Structure formats: structure tokens, C-alpha cells
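Q: Below: one structure in C-alpha cells.
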């Protein structure tokens, strides 16, 4: 069934193009009031006018800009219910041709942008009694990407950040999930596009990824990394559990028992 966000307020970072723009349009079509936040202020305002929302310039790698975006949502529409942390860039280099400035930019947008978005947005969601967060990671956050290891590293960090904050946020009525799409037909492909096209790699349409956002918001899931891959239904990625520590039994450690007989006997009582 179509998503119904009537009366809700949504904030989309990196909302002026690609997956962000597609999601902003979907939110507006579902009845939400939408704030489009993007470093490309002109395109953000064009889209906001198209969907009847509002826009501002936002560099997600700057904490104050994230607070400003959330503040705009609250002052303009009275609150915040849905937070889409979408802004992202590729790195475009390996460790052999390392670019420090490019590294700082990629980490600032892809990781800081999610951390700062949570710092700014979660209190607003709490003030509304709960809400939903989708942080855009990538299939690169679940699998190695030798041609762009820095991108893979910051996207993997986003996945584990989401999994780590989910339990505490759930107690406040807030769900948070990571969206992990494979190669999608957007500008972020950059120099990788030619290589993908040369081998006829199937690129997903933006609409396919936006549909996955809808699936995430319609679910009861939290703390999940939703895998979105061409030819497959969107679904939470199943992580293998990490084994816990092996604790020696008391029977195999007689010296411990003899060292503290009183504590041992009291434990039995």
C-alpha cells in the first residue's frame, strides 16, 4: 500500500539530487512536509519549490549546519518525524594514490554527516515522541571494495554506528536503520561508471532504492542494514553472530574454588 506520511515532517540531507531527491519526492507524495538540505543550495531550493517543501544550504560535515537544518524543520513545520541521512560522496582513490584532502572530505560527508545528523536530529525526534531514521550506507559497507577502500571504510562505520545506537533509541520510540544499496545510477558513481558500463553491470534506478526506503519505514525493524541489490527484494542483511568469550567452569579451576571458599558456599546458598 502507498506510504502515508500525512501530517509528518521529514528532513532529507543530500536531498537535492539522486537518491535524496527521489526520497524527498516520495515523502512529499506521501503527504509529508519536507526539508531539503544540501550543499547545493540552488538545486535544493528548486526541488523544495517543486514538492512544496523548504530548503537550506547544509554541509553535513559541519555540526552547526545539521543543527540548523533540524531547527528549520521545527520552526517551519513544528517538529521532526522522519530523518533521512543521505548525503554522500565517493573517495575515488586507493592508499597507493592517497589524497589527504579527499580523505577528509569523504569521512566528513559520509561518516561525520551521519554522526552529526544523529546528534542534531535525535533530540527533535524525542520531542515529537519518537520517529524514524534511515542512514544511507552502501553495499560497500558490507563487502570489500578494493578500488575505493576509504569509501568502504566509512560506509562500514555507518552500518555499525546504526547497529550500535539502535537499542537505546528504540527505548525512545525511534527506529534507525541503514540503507545499503549496490551500484545505482547516480552522479556518485563518478569515474567508476565507465568500468561498470563496460562489463554491462546492471545499475539500479533511483526509484528502486527509494522503494526500499519505503519498505524500511513500513517495517517494524530497527538496527538493521537493509541490502538493496539489483534483482533482489530489499531485505535486512543477516550478520553472523560474534562468539562470546569462553569462561572456564569452576570444575576446571580448583585453585579458584579453594581461594575463596566463603564466596563459593554463599553462591550455592
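Each reported figure results from applying straightforward, stated rules to the coordinates on display, with no laboratory input. Quick caveat, the model's predicted, so the values are computed rather than measured. So basically every Cβ, Gly included, is an ideal-geometry build from the backbone, and we count neighbours across all protein chains shown.
Q: For the chain, with a Gaussian network of springs between Cα atoms less than 10 Å apart, report the residue from 52, 108, 223 with the top mean-square fluctuation.
A: Evaluated over the chain, the most mobile residue of the options is 52.
Q: Same structure again: Just to confirm the number: angle between the C-alpha axis of helix 41-51 and the first principal axis of the chain, 0 to 90 degrees, nearest 10?
A: Roughly 80 degrees, rounded to the nearest 10.
Q: Pick from 144, 234, 245: which residue has the top mean-square fluctuation in a GNM of the chain where Cα pairs under 10 Å get a spring?
A: Sorting by GNM fluctuation, first place goes to 245.
Q: Please arrange 170, 67 by counting, for each residue, the other beta carbons lying within 10 Å of its beta carbon, fewest first.
A: 170, 67
Q: Which of the peptides 207-215, 134-142 is most tightly packed, and how do the rest follow, going by the mean number of other Cβ atoms within 10 Å of each residue?
A: In descending order of packing, they fall as 134-142, 207-215.
Q: Pairs of Cα atoms under 8 Å, at least six residues apart: use those to get the relative contact order of the range 1-143, whole percent. Don't jump to the answer; show the numbers that get you there.
A: Working: 262 pairs, mean separation 34.3, N = 143.
Here the relative contact order equals 24 percent.
Q: On a 0 to 90 degree scale, rounded to 10, what angle separates helix 63-77 from the longest Cα axis of the chain?
A: With both axes taken from Cα atoms, the answer is about 70 degrees.
Q: With the crude spin-label approximation of a point 7 Å out along Cα→Cβ, what separation in nm comes out for residue 187 versus residue 62?
A: Label-label distance for residue 187 and residue 62, simple model: 1.9 nm.
Q: Counting only DSSP beta bridges with both residues in the chain, tell me the antiparallel percent, nearest 5.
A: Among the beta bridges of the chain, antiparallel pairing accounts for roughly 5 percent.
Q: Can I ask one more? Subtracting the Cα-Cα distance from 0.36 nm times the residue separation, let me have the gained length for residue 238 to residue 71 in nm, one decimal.
A: 56.5 nm
Q: Jot down the radius of gyration and Dmax of the chain, Cα atoms only, both in angstrom.
A: 21.9, 77
Q: Give the distance, in whole Å, between the Cα centre of the range 94-172 and the Cα centre of the range 221-243.
A: Using only Cα atoms, the two centres lie 16 Å from each other.
Q: Rounded to the nearest 500, what is the 222 nm mean residue ellipticity of the chain from helices alone, with -39500 (n - 2.57) per DSSP H run of 4+ residues and division by all residues?
A: So the calculated ellipticity at 222 nm is -13500 deg cm²/dmol.
Q: Sticking with this one: Angle check, please: helix 113-127 long axis (alpha carbons) against the longest principal axis of the chain (alpha carbons), in degrees 0 to 90, nearest 10.
A: For 113-127 against the chain, the angle is about 90 degrees.
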